[in-house]
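*Asks:* The following block contains the structure, expressed as structure tokens.
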Amino acid sequence: METIGQQLREARERKKISLETAAQGTKIKGEYLAAMEADQFDRIEAPVYVRGFLRIYGQYLGIDSKPLVNQFSNLRSPEPAAPVEPPKPIIHRPIGKTSTSVLPEPQTPLSPMLLLALLSVVVCVLLVIWAVWAVFGGSGQPKGEPKPTDKPAASSVPAKVAAESYLKPKGVGPALIIEPPRKPAHTLTLRADESCEVTVTVDGAVLFRQPMPKGEVRKFDANRSIKIKVNDGNAVHVWYDQKDMGKLGRRRELVERQF
């Protein structure tokens, strides 16, 4: 069975077309065409690019590209790995008579770290008890507190000012208002009815530039404008802001359009 590269090279030689002419007609780099004819698909960035290039190149040479894509997919699909059976447990059978008596499990002694932790907790509890006793001095009232019969000392700060300074937290600035994310102003949906090269620029930045295989759907959101460029106007169906805009142009027509 002929390889993919042999089929492509023979079809191109039958038409007497050079690689340079084929690269201009398909908008695919000549080095990629040469790599496909040499069955060196690893020189192309990703398998999805290879499938798109095979469809475009096959249509350009006038041959059915579907068997080529299927043959490439079979090359890329890994062989299923053999299932690994779990190891069987090894059962040790005792020799002679078995005893039904159950021996007590040995008790694990406390580790030195655990003993040290328990000792630290006991010391902390004793220190807290001693501090409480030192503050209250063995009586029901803490030292230095005025008795109920004592008159409170006059404060030099007015009550209103003291209350305001107490209630007002220190070091707290104005609250930050976080606005919710805004919804995009415009939405552009693309569907590739045929394989084609697509470039999409959103708000002045190029977000997508690669081949779109047949049946692929892409969605783009923008705040100001969306610009699209395709090498086949009849290959792309467009919806702008959920409105059906139809095809961009005629077959094999290079179209640039801004929404």
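Read the figures in this text as sums done on the coordinates, not as results from a lab. Because the structure is a prediction, the values reported are computed rather than measured. So basically every Cβ, Gly included, is an ideal-geometry build from the backbone, and we count neighbours across all protein chains shown.
*Asks:* Determine which residues of the stretch 220-251 fall in the zone a paramagnetic label at Gln258 would reach in this model, i.e. backbone nitrogen under 11 Å from the point 7 Å along Cα→Cβ.
*Replies:* Within reach of a label on Gln258: 225-228.
*Asks:* Another question about this same structure. How do 30-41, 48-59 rank on mean C-beta neighbours within 10 Å, highest first?
*Replies:* The peptides rank, most packed first, as 48-59, 30-41.
*Asks:* Compute the length gained on full extension between Ala38 and Arg182: take 0.36 nm times their separation in residues and subtract their Cα-Cα distance, giving the result in nm to one decimal.
*Replies:* That pair, Ala38 and Arg182, stretches by 46.8 nm at full extension.
*Asks:* Residue separation times 0.36 nm, minus the C-alpha to C-alpha distance between Val128 and Asp221: what's the value?
*Replies:* Contour length minus Cα-Cα distance gives 27.1 nm.
*Asks:* At a Förster radius of 25 Å, what calculated FRET efficiency corresponds to the Cβ-Cβ distance of Thr189 and Tyr49, to the nearest 0.05?
*Replies:* 0.65
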